[in-house]
Amino acid sequence: MNIKKVIIPIYLYMLTNKAKTVLYTGVTNNLKVRLQQHKDSLNSDSFTSKYKVFHLLYFEKFTWIQVAIAREKEIKGWKRDKKIALIKTINPDMGFLDDLFAIHS
């Protein structure tokens, strides 16, 4: 029997609202779909829907879900200024990175 290993990337991501006053950190195995779900506000009671948090500022890619979840928990424990400093390591202007994972019709 020939077994192929399939590696599915896991993403840790950070979102904000239009005014960049709110930060949200999450983990997903499909960033393109997850960003669209946030934009579609599938759960109107969710944090991201209430505060219109769906603009991508930062992401990291992982192979193991356990490592991604541990990183998510680490970042969620940080103060805002430390999160902003992390974002600026790959996105110095804090621009929206949505188009990198946009679903185009």
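The values are calculated or read from the model by the stated rules, or taken from the named source; none is laboratory data. A quick note: this is a predicted structure, and the numbers were derived from the prediction, not measured. Glycine also receives a Cβ, built like all others from the backbone with ideal geometry; neighbour counts cover every protein chain displayed. All accessible areas refer to the heavy atoms of the entire protein, side chains included, with ligands and DNA or RNA removed. Shrake-Rupley method; radii C 1.70, N 1.55, O 1.52, S 1.80 Å.
How about LYS83: which aspartates and glutamates have a C-alpha closer than 16 Å to its C-alpha, ignoring those fewer than 8 places off in the same chain?
The qualifying aspartates and glutamates are GLU60, GLU72, GLU74, ASP93.
State which entries of LYS32/LYS79; LYS32/LYS88; LYS32/LYS52; LYS32/LYS76; LYS4/LYS88 exceed 29 angstrom in Cα-Cα distance in the structure shown.
Working: LYS32/LYS79 27 Å; LYS32/LYS88 22 Å; LYS32/LYS52 17 Å; LYS32/LYS76 22 Å; LYS4/LYS88 38 Å.
Table pairs above 29 Å Cα-Cα are LYS4/LYS88.
Summarise the accessible area of the chain (1.4 Å probe, protein heavy atoms) by the percent that is carbon and sulfur. All intermediate terms of the calculation are to be shown ahead of the outcome.
On the way: 3850 of 7070 Å².
Carbon with sulfur: 54 percent of the solvent-accessible area.
Measuring with a 1.4 Å probe in the full set of protein chains, what accessible area per residue, in whole Å², belongs to the chain? Each step should come with its number before you reach the end.
Numbers: 7070 Å² over 105 residues.
Roughly 67 Å² per residue, with all protein chains present.
With no solvent and one equal point scatterer placed on each C-alpha of segment 51-105, evaluate the Debye formula and give log10 I(q)/I(0) for q = 0.20 Å⁻¹, two decimals.
One equal scatterer on each Cα of segment 51-105 leads to -0.91.
Could you put THR21, THR16 in order of accessible surface area, largest first, with the 1.4 Å probe and the full protein assembly present? Don't skip to the answer; put the middle values down first.
Values: THR21 90, THR16 0 Å².
Descending accessible area places them as THR21, THR16.
Compare LEU23, LEU31 by solvent-accessible area with a 1.4 Å probe and give them largest first, with all protein chains kept in place.
Reading off the accessible areas and sorting them downward yields LEU23, LEU31.
With a 1.4 Å probe and all protein chains kept in place, how much accessible area does ASP98 have, in Å² rounded to the nearest 10?
20
Please report the projected area of the chain's Cα convex hull averaged over all directions, in nm². Intermediate values should be presented prior to the final figure.
Values: hull surface 34.3 nm².
Hull-based average projected area comes out at 8.6 nm².
In square angstrom, rounded to the nearest 10, how much accessible surface does ILE69 have for a 1.4 Å probe?
Surface open to solvent at ILE69 totals about 60 Å².
Ignoring ligands and nucleic acids, what accessible area does HIS55 show with a 1.4 Å probe (Å², nearest 10)?
30
Helix-derived [θ] at 222 nm for the chain: sum -39500 (n - 2.57) over DSSP H runs of at least 4, divide by residue count, nearest 500?
Details: 4 runs with 37 residues, N = 105.
It comes out at -10000 deg cm²/dmol, rounded to the nearest 500.
As an exercise, use a Förster radius of 22 Å and the Cβ-Cβ distance of SER49 and TRP78 to find the FRET efficiency, rounded to the nearest 0.05.
Numbers: r = 23 Å, r/R0 = 1.07.
So, using R0 = 22 Å, E works out to roughly 0.40.
Under a point-charge model restricted to the Cβ atoms of Lys and Arg (+1) and Asp and Glu (-1), what is the dipole moment magnitude of the chain relative to its Cα centre, in debye to the nearest 20? Write down the numbers at each step before the final one.
Working: 18 positive and 9 negative charges, 43 e Å.
Here the chain has a charge dipole of around 200 debye.
Between ALA85 and ILE65, what is the label-point separation in nm under the 7 Å Cα-to-beta-carbon projection?
Here the modelled spin labels are 3.2 nm apart.
Within segment 46-63, name every residue whose backbone N is under 17 Å away from a label modeled 7 Å from Cα of PHE96 along the Cβ vector.
So the set is 48-59.
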